[in-house]
Amino acid sequence: MNIFDMLDPGQPPERTAAEVMCSRKGCRDEATTQLLWNNPRIHTPERRKIWLACDEHAAWLEDYLQSRSLWKETLPLTPEESA
């Protein structure tokens, strides 16, 4: 038996606080925003990587991605996505 056999297939696994934590280095605040991006040199055009951001760092992370031509979209982190 492995750990995945113990999960209830009808329920998604619960996320830990670390999974909804801001991606900004050193920040431990809860994320409220998703920043979708991809690196066209290594990802297919439809691929989207996601960074999570708290209210304080969302603009900073978006600017960081835009300045490197990696940013695609900024979306709110909904309760369904963070649960």
Taking R0 as 22 Å, what's the FRET efficiency between Asn39 and Trp60 from their Cβ-Cβ distance, rounded to 0.05? 0.70
Summed residue charge, Cβ within 13 Å of Leu65's Cβ, Lys/Arg positive, Asp/Glu negative: +2
What is the sum of charges around Glu56, taking Lys and Arg as +1, Asp and Glu as -1, for the other residues whose C-beta is under 14 Å from the C-beta of Glu56? -2
So what's the net charge close to Arg41: Lys and Arg +1, Asp and Glu -1, counting the other residues with Cβ under 14 Å from its Cβ? +3
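The numbers here are math on the coordinates, done by the rules we state, and not lab data. Note that the structure is a prediction, hence the values are computed from the model and not measured. Cβ coordinates were reconstructed from backbone atoms using ideal geometry, including for glycine residues, and neighbour counts include every protein chain displayed.
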